[in-house]
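Written out below as structure tokens is the structure these notes cover.
The values are calculated or read from the model by the stated rules, or taken from the named source; none is laboratory data. Note that the structure is predicted; figures quoted are calculated from it, not measured. Backbone-built Cβ (ideal geometry, glycine too); neighbour counts: all protein chains shown. We work out accessible area using only protein heavy atoms, side chains counted, and drop any ligands, DNA or RNA first. Shrake-Rupley method; radii C 1.70, N 1.55, O 1.52, S 1.80 Å.
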Amino acid sequence: MITVQALSYTYPEQDSPALSDISLKVGPGECICIVGHSGCGKTTLLLALKGLLPEGELSGSIQSRDTPLTREAILSGFGLVFQNAESQLLCSTVYDEVAFGPENLCVLPAEINQRIIAALTAVDLLEFGNRNVERFSAGQKQRLCIASVHSMQPKVLLLDEPTSQLDRKGRNDLLGVLNRLKAQGISIILAEHNIEPFIGIIDRYYLMSGGRITETLKQPPEQYRCKHLQADAHASHNKVVAPAEAIFSAERLMFSYPGSETILNNVTLSVMNGELVHLHGENGCGKSTLLKILAGAIQPDSGALTVYGECPPKAGKLLGKVALLFQNPQRQLFEDTVSEEVSFTLKQLRLSAEEIEYRVLSALSVCEALHLKDRLPLTLSFGEQHRVALASVIAPNPKLILLDEPFAGLDPTQRLRLLAILSQIRDELETAIVIASHDPLPDMEWADRVITMQSGRIDLPEEMPL
């Protein structure tokens with residue numbers, strides 16, 4: 001039995017505590033779920049349990065059978081899978097990544113090989129053992145992180161939003177892994193917005209708000225069940241009736257990374273001004289690559305592409321006209337404050353100081369992030385970083401917004417709110433918006449078109465009723 005008693009923590013140079021008087025228990029083979037809105041302290045709690053917080057004001061205890069655990073016992077006995085998979089990957093190939101932990105634990109080579117095979121089989125990545133990790137999709141990277149932690153055989157597994165980058169198959173695979181670990185007596189602590197996949201294995205729910213545990217439940221909290229919200233809420237918008245002009249047109253695009261198979265295979269697609277499009281497909285199907293090409297970040301190997309009159313499009317010429325929200329917001333956050341982050345592109349467009357200030361405050365207000373304007377972006381929670389990145393994307397009033405898995409780190413209510421924000425932007429600015437995701441949208445009525453992508457190809461689009 002792991003017992004956390006009166007755990008409190010305040011980050012360096014911060015006045016308010018991030019964690020206040022946290023107490024909880026998890027027994028062998030139990031799974032508990034920490035639930036709460038973005039920024040409530042879930043990730044900080046997992047970092048505290050793993051002993052990875054920066055030096056600050058820390059109090060309370062973590063005990064096993066009434067004996068306080070040493071830092072060494074915590075580091076070896078607790079395995080943490082970060083919400084941002086990229087920050088956890090250290091090696092160039094899949095085999096090396098999974099072997100890294102056991103090697104540092106001085107496990108014998110023969111046993112390391114057995115652990116590699118077992119861990120990669122558990123997450124359905126065994127056939128990719130020699131693959132370069134950088135060529136993985138975000139979902140594949142997340143599964144790889146789970147395998148790398150699994151190979152160290154921890155007694156307690158900490159998972160920070162493990163489904164945020166996983167498609168349906170990936171979630172089902174993960175659920176199978178967790179069921180097996182529970183049967184082996186492994187304790188599991190989840191911090192998760194999307195509780196639906198785990199309801200069958202979760203023993204208790206701890207609700208967090210403002211760094212505190214506010215309630216303990218044995219039944220799933222209804223406010224965090226997607227089905228409950230989908231039945232009652234929709235992001236309303238006025239449907240596009242007859243858009244006449246294409247904001248981009250792609251014909252027979254081909255693309256492959258060096259040394260890898262074809263990523264895009266004869267992709268042909270057009271999106272009209274003011275159109276709302278959902279690009280749907282499983283992890284690794286090519287969605288992210290297509291968005292990067294549309295944004296001018298990378299060039300296709302062949303095919304024709306025109307974006308906002310630019311043929312071929314290049315990122316510099318599309319500044320302020322086309323905006324891409326990355327799957328991992330940390331890849332586009334680099335300024336010292338949130339306000340400076342949102343104003344960066346506006347300054348490149350040489351707008352007046354008054355106009356920049358107005359647009360920054362407006363974008364942050366729309367994205368419900370105005371209270372973060374003086375914070376350092378990289379100290380924010382993953383969900384808060386997503387909202388700040390979105391504000392920086394919409395501040396220039398682009399004509400085309402491309403969003404790659406924008407729902408990661410957002411709870412069900414916030415996901416619906418995001419769709420409402422995007423609808424408002426489209427209605428006011430006639431902006432075309434493309435959302436790429438592996439899950440159906442939380443509001444099935446939102447998109448004008450749903451386009452399915454499989455193995456680098458685009459299927460015939462499903463027209464949504466107008």
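Structure summary
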| quantity | calculated |
| --- | --- |
| Average accessible surface area per residue within segment 1-98, 1.4 Å rolling probe, Å² | 46 Å² |
| Protein accessible area in segment 93-141, 1.4 Å probe - carbon and sulfur % | 52 percent |
| Evaluated over segment 47-117, the Cα radius of gyration and Dmax, each in Å | 15.0, 43 |
| Rg to Rh, two decimals, where segment 342-466 supplies the alpha carbon set and Rh follows Kirkwood | 0.99 |
| Out-of-range pairs (alpha-carbon distance over 32 Å; input K169/K317; K141/K314; K50/K141; K218/K292) | K169/K317; K218/K292 |
| Electrostatic dipole magnitude of segment 278-382 [Cβ: Lys, Arg +1; Asp, Glu -1; Cα centre; debye, to 20] | 320 debye |
| Sequence ranges 301-310, 16-25, ranked by mean other-Cβ count within 10 angstrom, highest first | 16-25, 301-310 |
| 0 to 90° range, to nearest 10: angle between helix 94-104 axis and the chain longest Cα axis | 30 degrees |
| Accessible area of segment 353-466 belonging to carbon and sulfur atoms, whole % at 1.4 Å probe | 54 percent |
| Proximal aspartates and glutamates relative to K182, as straight alpha-carbon distance under 20 Å, when same-chain residues fewer than 8 apart are discounted | E30, D124, D160, E161, D173, E192, E196, D203 |
| Accessible solvent surface per residue of segment 140-192, calculated while the other protein chains remain in place, 1.4 angstrom probe, Å² | 30 Å² |
| Peptide ranges 202-212, 85-95 listed from the most packed, as the mean C-beta count within 10 angstrom indicates | 202-212, 85-95 |
| In degrees, nearest ten, helix 338-348 long axis to first principal axis of the chain (Cα) | 30 degrees |
| Alpha-carbon radius of gyration plus Dmax, which is the widest Cα pair, for segment 1-150 in Å | 17.3, 50 |
| Residue-normalised accessible area of segment 240-387, expressed per residue, 1.4 Å probe, Å² | 47 Å² |
| Protection-proxy order for peptides 325-331, 283-289, 107-113, 250-256, each taking the mean of Cβ atoms within 10 Å per residue, highest first | 283-289, 325-331, 250-256, 107-113 |
| Built amide H within the under 5 Å cut-off of T93, gap 5+ | V133 |
| Alpha carbon centroid spacing (whole Å) that separates segment 385-446 from segment 244-306 | 19 Å |
